Amino acid sequence: MKTSSTIATPELPKTDPRVKLIAAKIKKENHKADALIEILHTAQNAYGYLPVNVLKYITKELHLPPSRVFSTVSFYHFFSLKSKGEHTCLVCTGTACYVKGAQLILNEIEKQFALKPGHVTADNKFGVQVARCIGACGLAPAVVLDDEVLAKVKTEEIADKINAKIVTS
């Protein structure tokens, strides 16, 4: 069995501000394994997802077995091993949202952007995700576009709202 000290870790560019941010967080937490989730959050916020080489770096720095880091990442829904896109659209498919048209919204996004949930455009500008419930049932159907919660979304308006976000960036 390999231990974290024998894992071949690709060298991350030390001048990359994202790497500096993660290294600072690891140092602040004194390389403690108990801080894994906080460090993973820092890495995901920096990259938008968790690249494998970054996970290997974290594994090495925290002296953890890779199985612990990867199982943590795969267990929690908010961590992602692949890019979700520069801009993300999260469509709630909970009962209230579904009944009030979440599937129609997803169909419209697929029609307008040729994207199914879980996919990202080739240029990595835009990605579509679904969530079982975002806890905003009174706003159904709800969509989270980047960090903005959109309430009572109408199918015919969603493409314009997405395009407005993509164009303004």
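The values are calculated or read from the model by the stated rules, or taken from the named source; none is laboratory data. Nothing here was measured: the structure is a model prediction, and the numbers come from that model. Counting neighbours? That spans all protein chains shown, and the Cβs are built from the backbone with ideal geometry, glycine included.
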Residues located in the range 142-156, provided they are closer than 20 Å to LYS84 by Cβ, touching a residue at least 12 places away in the same chain (Cβ under 8 Å) and aliphatic (A, V, I, L, M):
ALA142, VAL143, VAL144, LEU145, VAL149, VAL153
Quick test of your reading of the structure: GLN129 fulfils all but one of (1) touching a Ser or Thr at 6+ places or on another chain (Cβ under 8 Å); (2) modelled with pLDDT of 95 or more. Name the failing condition by number.
(2)
Checking the structure you have, find out if any residue of the range 40-55 is within 29 Å of PHE113 (Cα to Cα), touching a strand residue (DSSP E or B) at 6+ places or on another chain (Cβ under 6 Å), of a type in the set (Gly, Ala, Ser) and surrounded by 17 or more Cβ atoms within 10 Å (Cβ to Cβ).
no
Residue check: is PHE70 surrounded by 14 or more Cβ atoms within 10 Å (Cβ to Cβ) and either assigned to a helix (DSSP H, G or I) or touching a helix residue (DSSP H, G or I) at 6+ places or on another chain (Cβ under 9 Å) (or both)?
yes
How many residues of the range 12-67 are at pLDDT below 95, among the aliphatic types (A, V, I, L, M) and not in a helix (DSSP H, G or I)? The answer is 2
Among residues of the range 81-95, those that are buried (at least 17 other Cβ atoms within 10 Å of the Cβ) and free of Cβ contacts under 8 Å to residues at least 60 places away in the same chain, counted:
8
Does the range 73-94 contain any residue that is under 18 Å from CYS133 (Cα atoms), part of a helix (DSSP H, G or I) and at pLDDT 95 or above?
no
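Yes/no per residue for (1) in contact (Cβ under 8 Å) with a residue 12 or more places away in the chain; (2) more than 12 Å from the chain's Cα centre (by Cα):
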position	(1), (2)
CYS97	yes, yes
LYS100	yes, yes
PRO117	yes, yes
ASP123	no, yes
VAL128	yes, no
CYS133	yes, yes
ALA136	yes, yes
ALA140	yes, yes
Selection from the range 119-141 of residues that are assigned to a strand (DSSP E or B) and of a type outside the set (Phe, Trp, Tyr)
VAL120, GLY127, VAL128, GLN129, VAL130, ALA131
For the range 6-48, what are the residues that are out of contact with any helix residue (DSSP H, G or I) (no Cβ under 9 Å at 6 or more places or on another chain) and hydroxyl-bearing (Ser, Thr, Tyr)?
THR6, THR15
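Table: residues versus (1) at pLDDT 90 or above; (2) buried (at least 17 other Cβ atoms within 10 Å of the Cβ).
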site: ALA102; (1), (2): yes, yes
site: ASN107; (1), (2): yes, no
site: GLY135; (1), (2): no, no
site: LEU150; (1), (2): yes, yes
